[in-house]
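Enquirer: Have a look at this one before I ask anything.
The values are calculated or read from the model by the stated rules, or taken from the named source; none is laboratory data. Keep in mind that what you see is a predicted model, and the values were worked out from it rather than measured. Heads up, the Cβs are rebuilt from the backbone with ideal geometry, glycines too, and the neighbour counts pull from every protein chain shown.
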Amino acid sequence: MKQYLMSVYHPEGQEFPAAEMDAMGADVDALNVEIRKAGAWVFAGGLHPSSTATTLRVKNGEVLTTDGPFAEGKEHIGGFWVIKAPSLDEALEWGAKATRACRVPIEVRPFEDEPED
């Protein structure tokens, strides 16, 4: 079965009211249960804000570190799921549920290598 990355994109600086955050948390928890019950769960995680990122790159043979995200943008990855699904259509169905639960954009992308089950 193919694996897919579902990336959660948070608009930089967007704040949700506490009640909305509570509802989102409950919806994401329910979705996680549903994904596990369906046998599509591989793993997932939430991330701290992009301001906590450290970027590493090689320049002239030396590794340089820079505080902050690699790309400056209006949205950054705030979390992700790795799921397994028999088709892109099924992965997109999970992505549709995820965008409803998170209330932010979700990008669904297949992994290049298909793991052996």
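Enquirer: Being among the β-branched types (Val, Ile, Thr) and outside any strand (DSSP E or B) is the filter here; which residues of segment 27-62 pass it? Walk me through it before giving the result.
Expert: Filtering segment 27-62 down to residues among the β-branched types (Val, Ile, Thr) leaves 28, 33, 35, 42, 52, 54-55, 58.
The answer is 28, 33, 35, 52.
Enquirer: Something else about it: For residues in segment 1-43 being aromatic (Phe, Trp, Tyr) and in contact with a strand residue (DSSP E or B) (Cβ under 8 Å, 6 or more places away or on another chain), which is surrounded by the fewest Cβ atoms within 10 Å (Cβ to Cβ)?
Expert: Per the stated criteria, the residue is 43.
Enquirer: Say whether the condition of being in contact with a helix residue (DSSP H, G or I) (Cβ under 6 Å, 6 or more places away or on another chain) and buried (at least 16 other Cβ atoms within 10 Å of the Cβ) is met by at least one residue in segment 44-57.
Expert: Scanning segment 44-57, I find no residue that is in contact with a helix residue (DSSP H, G or I) (Cβ under 6 Å, 6 or more places away or on another chain) and buried (at least 16 other Cβ atoms within 10 Å of the Cβ), so the answer is no.
Enquirer: Limited to segment 82-99, what total is found for residues that are among the small types (Gly, Ala, Ser) and surrounded by 13 or more Cβ atoms within 10 Å (Cβ to Cβ)?
Expert: Here the count works out to 4.
Enquirer: Ok, one more. For segment 63-102, give me each residue that is closer than 19 Å to residue 47 by Cβ, in contact (Cβ under 8 Å) with a residue 40 or more places away in the chain and either in a strand (DSSP E or B) or of a type in the set (Lys, Arg) (or both).
Expert: 74, 75, 76, 77, 78, 79, 80, 81, 82, 83
Enquirer: Where residues in segment 58-81 are surrounded by fewer than 10 Cβ atoms within 10 Å (Cβ to Cβ) and at pLDDT 85 or above, which of them is nearest to residue 111 (Cα to Cα)?
Expert: 58
Enquirer: Sort out which residues of segment 3-33 are over 17 Å from the mean Cα position of the chain (by Cα) and touching a residue at least 12 places away in the same chain (Cβ under 8 Å), and write them in order of number.
Expert: Of everything in segment 3-33, those that are over 17 Å from the mean Cα position of the chain (by Cα) and touching a residue at least 12 places away in the same chain (Cβ under 8 Å) turn out to be 16, 20.
Enquirer: Also: Go through segment 1-27 residue by residue and tally those that are of a type in the set (A, V, I, L, M, F, W, C) and farther than 23 Å from residue 73 by Cβ.
Expert: Of the residues in segment 1-27, 5 are of a type in the set (A, V, I, L, M, F, W, C) and farther than 23 Å from residue 73 by Cβ.
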